[in-house]
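Have a look at the structure below before the remarks.
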Amino acid sequence: MHANYVALPPSEAFRIEYWKLEEAKIRRQPPEKELSRRVALVVGGGSGIGREVALLAAQRGAHVVVADRDVKGAEAVAEEVKAIAGREAVSWTSIDIRDRKTIKAALEATVKQFGGIDILINTAALFPSSPDGVISDAQWALTLEVNVTANYLLTDEAAKIFAEQGIDASVVLTSSANAVVAKRGSEAYDVSKAALSHLVRELAVSLSPKVRVNGISPATVVKGSTMFPRDRVIASLKKYKLPFEETDTDDGLRNVLAQFYATRTLTHQPIDPKDCAEAIMFLAGPLARCTTGHLIPVDGGLTEAYLR
């Protein structure tokens, strides 16, 4: 009685039994976000600007890897990101951007976790200080190593992965308004940031056309910055003769200093890490697809930093 039976071709069975159901499920899904299916490695993501970048990238749909020398900080921020993007969309890893081996390990961990890298962001930096205000030769060398050479090493290793992937990618590095503002007492930091700003332009040329390389140039970001420990904040408050109480909290002291810095800008707005994160994610994302080799100032309107 089954002699006349002919089975449907698998493709026809698929169309009848499956595809309409799958289309129905797809239509019910929320629309993709700006960075959906993109993988972002945020170096320096354990605090300050990097933390805000990781959170904002997750809000915009990216899979995020938080990398930092401070492992506890990276892990803590990763937990915050999980609350936004879910456990499957975030990871963390340790990194020392002065060391190619740890850079490679962090990149490999990212690829292993999510299959590749689309966005590389670095917010890690060093501002040297000493009780007497004198910077040693070793501090000078370390500042240039962290703020310039390490950015080159990081991007150079990532470029190998970008080349193998063969798809569009973007890099965003963090310079400073100090790169164009000459000042007394911060020569090592200022010179290192000037070099980093030009490194952005050089990398944009060498990694084109598939990889865009940009940067931001913030003015002093006090809030949440590891470069502003309590002793440095107090030293700055004394330098500018700003009133404060020794019993004030760290955040309270930072707010006083941030408000003072804000009065020197056109907008009178303190620079918040979130402001920097917004600029970074604009440059990293598809809305800036025609922009490379440029730096966006995030300085509240600091006239001293106007290029001339």
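Summary table below
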item: Members of the stretch 120-133 that are out of contact with any Asp or Glu (no Cβ under 8 Å at 6 or more places or on another chain) and under 14 Å from residue 215 (Cβ atoms); result: 120, 121, 122, 123, 125
item: Yes/no for residue 44 being closer than 19 Å to residue 284 by Cβ, within 12 Å of the chain's Cα centre (by Cα) and either at pLDDT below 95 or among the acidic types (Asp, Glu) (or both); result: no
item: Which numbered condition residue 41 fails, given (1) among the aliphatic types (A, V, I, L, M); (2) over 25 Å from residue 275 (Cβ atoms); (3) surrounded by 24 or more Cβ atoms within 10 Å (Cβ to Cβ); result: (2)
item: Matching residues in the stretch 104-130 - criterion: being over 24 Å from residue 295 (Cα atoms) and touching a residue at least 12 places away in the same chain (Cβ under 8 Å); result: 104, 105, 106, 107, 109, 110, 111, 113, 114, 115, 116, 129
item: Filtered residue count, the stretch 101-129, keeping only those that are outside any helix (DSSP H, G or I) and of a type in the set (Asp, Glu); result: 1
item: Boolean, residue 132 is part of a helix (DSSP H, G or I), of a type outside the set (S, T, N, Q) and surrounded by fewer than 23 Cβ atoms within 10 Å (Cβ to Cβ); result: no
item: Cross-chain or 6+ apart pairs with Cβ under 8 Å, the stretch 256-272 first and under 15 Å from residue 225 (Cα atoms), then open to solvent by 30 Å² or more (accessible area, probe 1.4 Å) and acidic (Asp, Glu); result: 256/248
item: The lone exception for residue 198 - which of (1) closer than 21 Å to residue 147 by Cα; (2) over 19 Å from the mean Cα position of the chain (by Cα); (3) modelled with pLDDT of 90 or more; (4) part of a helix (DSSP H, G or I) it fails; result: (2)
item: Some residue of the stretch 144-160 being closer than 19 Å to residue 293 by Cβ and more than 17 Å from the chain's Cα centre (by Cα); result: no
item: Only one of 215, 185 that is more than 26 Å from the chain's Cα centre (by Cα) and in contact (Cβ under 8 Å) with a residue 40 or more places away in the chain; result: 185
item: Any hit, the stretch 79-88, residues being within 32 Å of the chain's Cα centre (by Cα), at pLDDT 85 or above and buried (at least 23 other Cβ atoms within 10 Å of the Cβ); result: yes
item: Qualifying residue in the stretch 156-164 (condition: in contact with a helix residue (DSSP H, G or I) (Cβ under 7 Å, 6 or more places away or on another chain), under 26 Å from residue 105 (Cβ atoms) and surrounded by fewer than 24 Cβ atoms within 10 Å (Cβ to Cβ)); result: yes
item: Within the stretch 110-148, considering residues that are touching a Gly at 6+ places or on another chain (Cβ under 9 Å) and β-branched (Val, Ile, Thr), the one modelled with the lowest pLDDT; result: 135
item: Count of the stretch 168-189 residues which are part of a strand (DSSP E or B) and in contact with a Leu (Cβ under 6 Å, 6 or more places away or on another chain); result: 2
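The values are calculated or read from the model by the stated rules, or taken from the named source; none is laboratory data. On a predicted model such as this, the values are computed, not experimentally measured, just so you know. Cβ atoms come from the backbone with ideal geometry, glycine included; neighbour counts cover every protein chain shown. Surface accessibility is based on the protein's heavy atoms, side chains included, excluding ligands, DNA and RNA. Shrake-Rupley method; radii C 1.70, N 1.55, O 1.52, S 1.80 Å.
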